[in-house]
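The values are calculated or read from the model by the stated rules, or taken from the named source; none is laboratory data. Only a predicted model underlies this, so the values are computations on that prediction, with no experimental measurement involved. All Cβ positions, even for glycine, are placed from backbone atoms using ideal geometry, and neighbour counts span all protein chains on display. Surface accessibility is based on the protein's heavy atoms, side chains included, excluding ligands, DNA and RNA. Shrake-Rupley method; radii C 1.70, N 1.55, O 1.52, S 1.80 Å.
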Amino acid sequence: MSNTLLIYSTTDGHTKKISLKMQAIIESQGHTVTLLPVEEASAETLANHDKVVIGASIRYGKHQKVVIDFIEQNKTQLKSKPSAFYTVNLVARKPEKCQPDTNPYIIKLLAQLDWKPSLEGVFAGKLNYPKYGFIDRNMIRFIMWMTKGPTDPKTNIEFTDWNSVDQFAQAVCDMQ
């Protein structure tokens, strides 16, 4: 059984929710999981685990800088063991943008980092206009309008394909 480090970066909490689901699935297979926000992960934490999974959300077309910095600073260790990366974004709500080879955010990030994890995943996120502040709500509504997504300010919808999350977590269990 493996000892897996599951690191996440979340903007509104949905990436953490996905990470918690993965943790439950991986642990149900008899593996040990340490779940940490990226701000609490370190090189020492990485060294103490057999596998590493990093999950990161998108806001305004970018992953958080803290995720990029963490990967850059720990790239040697990440390359030395089984690793997985997944991104959570609203573009992935579209069938033609929900795979690692078709989602622009994961393609761009991994090319920028010169890092090829053992496993890559893309999950659609959650759109919750009532939770956002005035500026975020209106910026995201504008982006949704441009991309033909929901713009009603009362919209609260989860686009995540939870079966895909389950399959990804199982694939993490199988990584060697």
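Numbers at a glance
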quantity	calculated
Count of segment 3-24 residues which are surrounded by fewer than 19 Cβ atoms within 10 Å (Cβ to Cβ) and in a loop (DSSP other than H, G, I, E, B)	3
All strands (runs of 3 or more DSSP E) inside segment 110-170 with 3 or more residues being within 18 Å of residue 96 (Cα to Cα)	119-124
Unmet criterion (only one of (1) surrounded by fewer than 20 Cβ atoms within 10 Å (Cβ to Cβ); (2) within 26 Å of residue 107 (Cβ to Cβ)) for residue 58	(1)
Unique match (being at pLDDT below 95 and either touching a strand residue (DSSP E or B) at 6+ places or on another chain (Cβ under 9 Å) or not aliphatic (A, V, I, L, M) (or both)) among 69, 12	12
Wholly enclosed strands (runs of 3 or more DSSP E) of segment 25-98 bearing at least 2 residues touching a helix residue (DSSP H, G or I) at 6+ places or on another chain (Cβ under 8 Å) and of a type in the set (S, T, N, Q)	83-89
Scope segment 110-128; condition under 29 Å from residue 144 (Cα atoms) and at pLDDT below 95; matching residues	110, 111, 112, 113
Residue identified as surrounded by fewer than 16 Cβ atoms within 10 Å (Cβ to Cβ) and within 28 Å of residue 167 (Cα to Cα) among 104, 100, 117, 130	104
Residue within segment 31-41 that is over 14 Å from the mean Cα position of the chain (by Cα), closer than 18 Å to residue 119 by Cα and modelled with pLDDT of 95 or more present	yes
Pairs with Cβ under 6 Å, 6+ apart, first in segment 152-176 and more than 13 Å from residue 86 (Cα to Cα) and open to solvent by less than 70 Å² (accessible area, probe 1.4 Å), second among the polar types (S, T, N, Q) and not in a helix (DSSP H, G or I)	173/29; 175/118
